[in-house]
1. Within segment B:72-94, how many residues turn out to be touching a residue at least 60 places away in the same chain (Cβ under 8 Å), assigned to a strand (DSSP E or B) and away from chain A (no Cβ under 11 Å)?
2. From the residues in segment A:7-28 that are within 13 Å of another protein chain (Cβ to nearest Cβ) and surrounded by fewer than 21 Cβ atoms within 10 Å (Cβ to Cβ), which one is farthest from B:Leu46 (Cα to Cα)?
3. Can you find even one residue in segment A:60-82 that is of a type in the set (Asp, Glu), under 26 Å from B:Leu40 (Cβ atoms) and touching a strand residue (DSSP E or B) at 6+ places or on another chain (Cβ under 8 Å)?
4. Based on what the data block shows, is B:Gln14 more than 14 Å from the chain's Cα centre (by Cα) and either within 14 Å of another protein chain (Cβ to nearest Cβ) or in contact (Cβ under 8 Å) with a residue 60 or more places away in the chain (or both)?
5. If we keep just the residues of segment B:62-94 that are among the β-branched types (Val, Ile, Thr) and modelled with pLDDT of 95 or more, which is surrounded by the fewest Cβ atoms within 10 Å (Cβ to Cβ)?
6. State yes or no: is A:Arg73 without any contact (Cβ under 8 Å) to a residue 24 or more places away in the chain and more than 11 Å from chain B (Cβ to nearest Cβ)?
7. Can you work out which of the residues in segment A:59-74 that are surrounded by 15 or more Cβ atoms within 10 Å (Cβ to Cβ) and over 12 Å from the mean Cα position of the chain (by Cα) is nearest to A:Thr7 (Cα to Cα)?
8. Answer yes or no as to whether A:Asn77 is surrounded by fewer than 14 Cβ atoms within 10 Å (Cβ to Cβ) and within 11 Å of the chain's Cα centre (by Cα).
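The values are calculated or read from the model by the stated rules, or taken from the named source; none is laboratory data. As the structure is a computational prediction, the values presented were derived from the model and not from experiment. Cβ sites come from the backbone with ideal geometry, for glycine too, and all protein chains shown count toward neighbours.
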Amino acid sequence: KAGVTQTPRYLIKTRGQQVTLSCSPISGHRSVSWYQQTPGQGLQFLFEYFSETQRNKGNFPGRFSGRQFSNSRSEMNVSTLELGDSALYLCASRGDGYEQYFGPGTRLTVT
Amino acid sequence: GENVEQHPSTLSVQEGDSAVIKCTYSDSASNYFPWYKQELGKRPQLIIDIRSNVGEKKDQRIAVTLNKTAKHFSLHITETQPEDSAVYFCAATLMDSSYKLIFGSGTRLLVRP
């Protein structure tokens, strides 16, 4: 099976703009989670989607949102970008088991 | 809230020696504990995991132990090789209707040839 894919891989945005990141899970996986990775804060959970429903959310402001489509592909959106939003955004998919597999990430730089 | 503490933050060992990384979790309801390896510029890769109904699990040179009473779990790598050099993350979650992995802060392992 193909692995988790994310687009775009790199993105440069300006403060105040918004951005949408995309994630395609492993075929057959219905759970998609998003994480933010920064040198200072490590890997932090953003949210999890399962069958188009958000089941869990981390401690991030409302500027961070997401959604999942009927084919399990997921998008996350960050509005009104701040410098501190610069990070590697990782999505991960999970099937019926416990194991979660990560995509390559989208490197977002906010200037 | 939930928290996972990981130690040490850096670890340098000679090739062939063993390496041990320790984590402590705060939520006693957590029942699934994976370990991920992240090489520079790459995605985190699941290397081993353990569920709360098991005390130890081995896979070739790596093993994980879990002490539910103390809320500790550890990664053991034996006969380390230079390709083991990477950042290792522990994580914990309660597996129920939702899934929320809480990660430790990571351990940078350097294996000196």
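1. Initial filter on segment B:72-94 (touching a residue at least 60 places away in the same chain (Cβ under 8 Å)): B:78-82, B:84, B:88-94.
Narrowing further to those that are assigned to a strand (DSSP E or B): B:88-93.
Right, trim to away from chain A (no Cβ under 11 Å) and you get B:88, B:92.
Result for segment B:72-94: 2.
2. A:Tyr10
3. So the first thing to find is which residues in segment A:60-82 are of a type in the set (Asp, Glu), and the list is A:75, A:82.
With the extra rule that they be under 26 Å from B:Leu40 (Cβ atoms), the set shrinks to none.
No, segment A:60-82 contains no residue that is of a type in the set (Asp, Glu), under 26 Å from B:Leu40 (Cβ atoms) and touching a strand residue (DSSP E or B) at 6+ places or on another chain (Cβ under 8 Å).
4. Details: more than 14 Å from the chain's Cα centre (by Cα): yes; either within 14 Å of another protein chain (Cβ to nearest Cβ) or in contact (Cβ under 8 Å) with a residue 60 or more places away in the chain (or both): yes.
Spelling it out, B:Gln14 is indeed more than 14 Å from the chain's Cα centre (by Cα) and either within 14 Å of another protein chain (Cβ to nearest Cβ) or in contact (Cβ under 8 Å) with a residue 60 or more places away in the chain (or both).
5. It comes out as B:Thr78.
6. Details: without any contact (Cβ under 8 Å) to a residue 24 or more places away in the chain: no; more than 11 Å from chain B (Cβ to nearest Cβ): yes.
No, not satisfied.
7. A:Ser72
8. Details: surrounded by fewer than 14 Cβ atoms within 10 Å (Cβ to Cβ): yes; within 11 Å of the chain's Cα centre (by Cα): yes.
Against the criterion (surrounded by fewer than 14 Cβ atoms within 10 Å (Cβ to Cβ) and within 11 Å of the chain's Cα centre (by Cα)), A:Asn77 qualifies.
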